[in-house]
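Undergrad: Take this structure first; my questions come after.
Here, each number is a calculation from the coordinates, and none is a lab measurement. Predicted model only: the values in this text are computed from it and were never measured. FYI the Cβ positions are ideal-geometry reconstructions off the backbone, even for glycines, and counts take in every protein chain you see.
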Amino acid sequence: MRDLFPKFIIETDDELGNCIIISKCTFHKDLATDKDKVKGGGFFNYNSKNNTFTFSGESHDFGRASLEDIQKAVDEDKVFTNPYLTRSIAKKHKFFYNNGVETFELN
């Protein structure tokens, strides 16, 4: 049995542009629909009490996602929980990014 961890990637979709895909998985590459279009990734923490997601860290498969790419995907309502890129959750939650030193609010 494989261990699952809360991970995310930034993948460029031909029609939508930069999208965040989040899910629990073993490897970041498990989230990708096209590994050549992934710009980076990391981990997320979900706080159900505050309805917030905090992104941090980096992907061993794809490297660190840039704060700018994460911010743009959140701003453009392109945060998905599946690789089919349906039903964005960006407007239903608060998002933050922690770079290891400080935490930035994204919306």
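Undergrad: Just to be sure I follow the definition: excluding the sites themselves, where is the longest run in the chain that has none of the GluC sites (Glu not before Pro) in a DSSP loop with at most 12 other Cβ atoms within 10 Å?
TA: Result for the longest clean stretch: 16-101.
Undergrad: Can you list the aspartates and glutamates whose alpha carbon sits under 13 Å from that of Lys91, skipping same-chain ones fewer than 8 residues off?
TA: Partners within reach: Asp75, Glu76, Asp77.
Undergrad: Provide the descending list of Cα extents for the range 5-105 along its principal axes, expressed in whole angstroms.
TA: 33, 27, 23
Undergrad: Can you compute the helix-only [θ] at 222 nm over the chain? Use -39500 (n - 2.57) per DSSP H run of at least 4 residues, normalise by all residues, nearest 500 deg cm²/dmol.
TA: About -2500 deg cm²/dmol.
Undergrad: Would you mind computing, in nm to one decimal, how far apart the modelled labels at Lys94 and Lys37 are, each placed 7 Å from Cα along Cα→Cβ?
TA: About 3.3 nm separates the two model spin labels.
Undergrad: Only loop residues by DSSP count here, and only those with at most 12 other Cβ atoms within 10 Å; note down the trypsin sites (Lys or Arg not before Pro) in the range 10-79 that meet that.
TA: Lys49
Undergrad: Taking the Cα centre of the chain as origin and charging only Cβ (+1 Lys, Arg; -1 Asp, Glu), how large is the dipole, in debye to the nearest 20?
TA: The calculated dipole for the chain is roughly 480 debye.
Undergrad: Okay, moving on. To check you understand DSSP bridge types, tell me what percent of the beta bridges within the chain (both residues inside) are antiparallel, rounded to 5.
TA: 75 percent
Undergrad: So which chymotrypsin sites (Phe, Trp or Tyr not before Pro) in the range 62-107 end up in coil per DSSP with only 11 or fewer other C-beta atoms within 10 Å?
TA: Qualifying residues, ordered by number: Tyr84.
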